[in-house]
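Visitor: Take this structure, written in structure tokens, and hold onto it; I'll ask about it next.
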Amino acid sequence: MPTLGQTFQASVFLTAKDAKTQLAPVGTLTAAAPGPAAATIYLDDAKTFQTIVGIGGAITDASAEVFAKLPPEKQRELIAAYFDPKVGIGYSLIRTNIHSCDFSSASYTYVAENDRELATFSVAPDLKHRVPMIKQAIAASGGGGGRSGGMTVYASPWSPPAWMKSNGNMLQGGELKPEFADAWAEYYIKFIEAYEKQGIPIFGVSVQNEPAAVQRWESCIYSAEQERDFVKSHLGPALAKAGMLNTADLNAPSSKKIIVWDHNRDIMYERAKIVLEDPAAAKFIWGVGFHWYVGDHFENVRLVQDRFPQARLLFTEGCVESFNAAKVSEWGAGERYGRSLFNDFNNGAVGWTDWNILLDEGGGPNHVGNFCFAPVHADTRPGAEFGKLTYMNSFYYLGHFSKFIRPRAKRITASNTSDELLSTAFKNPDGTIAVVMMNQSEKAIDINIQMRGEAIKAKSPAHSIVTAVIHR
């Protein structure tokens, strides 16, 4: 990076509503003495914060089933668009489901009914579509295991098998029966082993998707105390016994990560407090996952960070709900993503995971009718439009982060003088600094991006997002 008195440059990329531009390069700017501007972002790369694990989305059964229907050239287009760090937006993080979730065509598990010993365990249902798609994503990204430019994969269950639950149903909530806690913990281990046998390294697992919600789809309820005790007495010890978890160094590359909560920001502090204040549970827990579906509550991310600085914070799911084809081109979707990305990162998140990366023209498939938006929709209907990929502006807003903020980047100080701009900045392992700025207002804003007494001047049009990549 430049030192005091050296001139630096920045390559600037723009997505703007009125200009109809999408992640477009707009030129290289050279630093000079600061001039007048409506806003200034002061950078200090001497002060660093959290280290980024990755930015990406979920490859669910739904995404993989839609992908499998596409013509080969459209499959190649989608994989490159999402995962190639050069020609695409360089996703470096994948979440996937442990057996079925709502975004599956039907409910299923990996074992036969009442197989307490898990002797019949098999991920065969995933081998048709989901595993091949994940493998293509890893290959396009440059590799697995969370390396810079590579891919990190983690997994979440939506429900134990029905016979392990109090309601005898994978849907509609219910609880894990205590007598099956050890078998359920072993299920995670068998999932990890099976996926790694397929060449897909698993970074870690969350305990339960949305453990406080009774849903009409796959769901299971855990109180904070139940989740704490399951980790403390079953899942944590099982992973450690299997050699998959290193309590002496939870960040060791060989140690699988346990993520608790995996639900909305609104009560994440209370849930984290109950679980992480127990040392016998906390010694197994790498981080706290969270979603966005009940209000913003961004301050709760920072409250957890401040109270439990050893816990990593990971945004594990968000999407625009209630699919409506007429709204695919609306600009507000991208700005919703942007507000979350800026605030979550500035409050300490180490990664950010969108929900389904691909859905069909109706926001599915989904076996309970819970249709949603994805950044990319594919037309799977026979006819002239078959295979057409429609990219929502959320794809490009996500790309302004994922393409330029790489794994192992560290957030740096970015002091912003404007109430009309959201901003953040990260220093990448290669020394470049990515500064991302979003303008939600109706007017263009001139911005000084200032570092060590020099500045580049960028322009942020109305309703736009800008990334400046600073280099020598």
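Only the coordinates and a few stated rules stand behind these numbers; no lab work does. All values derive from a computational prediction rather than experimental measurement. Please note: Cβ atoms are built from the backbone with ideal geometry, for glycine as well, and neighbour counts cover all protein chains shown.
Visitor: If you average 1/r across every pair of different Cα atoms in the chain and take the reciprocal, what Kirkwood value do you get, in Å? Please list the in-between numbers first.
Guide: Working: mean 1/r = 0.0441 Å⁻¹.
It is 22.7 Å.
Visitor: In square nanometres, what is the average projected area of the Cα convex hull of region 118-259?
Guide: Answer in nm², one decimal: 9.0.
Visitor: Could you give the length gained by full extension between Val294 and Thr30, i.e. 0.36 nm per residue of separation minus their alpha carbon distance, to one decimal place?
Guide: 90.7 nm
Visitor: Okay, next question. Taking Cα atoms, how many degrees apart are the long axis of helix 72-83 and the longest axis of the chain, rounded to 10 and kept between 0 and 90?
Guide: 70 degrees
Visitor: Now for a different question. Arranged from highest to lowest average of other beta-carbon atoms within 10 Å per residue, in what order do the peptides 83-95, 168-180 appear?
Guide: Highest-to-lowest ranking by the protection proxy: 83-95, 168-180.
Visitor: Quickly rank 220-228, 302-310, 52-60, 241-249 as a protection proxy: mean count of other C-beta atoms within 10 Å, highest first.
Guide: Output ranking for 220-228, 302-310, 52-60, 241-249: 52-60, 220-228, 302-310, 241-249.
Visitor: OK, next. Summarise the long-distance tail of P(r) for region 20-76 by giving the % of C-alpha pairs beyond 15 Å. Spell out each step's value before the answer.
Guide: Numbers: 1255 of 1596 pairs.
Result for the distance tail: 79 percent.
Visitor: Please give the calculated 222 nm ellipticity per residue for the chain, where each DSSP H segment of at least 4 residues contributes -39500 (n - 2.57) and the sum is spread over every residue; nearest 500 deg cm²/dmol?
Guide: -7000 deg cm²/dmol
Visitor: Going down the list Lys135/Lys232; Lys74/Lys135; Lys327/Lys459; Lys283/Lys403; Lys86/Lys410, which pairs span over 24 Å between their C-alpha atoms?
Guide: Pairs exceeding 24 Å: Lys135/Lys232; Lys327/Lys459; Lys283/Lys403.
Visitor: Show which aspartates and glutamates lie in cross-link reach of Lys190 when reach means a straight Cα distance below 12 angstrom and same-chain residues fewer than eight apart are skipped.
Guide: Glu117
Visitor: Rounded to a whole number, what is D in µm²/s for region 328-431 from Stokes-Einstein with the Kirkwood radius over alpha-carbon pairs (10 °C, 1.306 mPa s)?
Guide: 101 µm²/s
Visitor: Let me ask something additional. For a quick protection proxy, order the peptides 452-460, 353-361 by their average other-Cβ count within 10 Å, most packed first.
Guide: 353-361, 452-460
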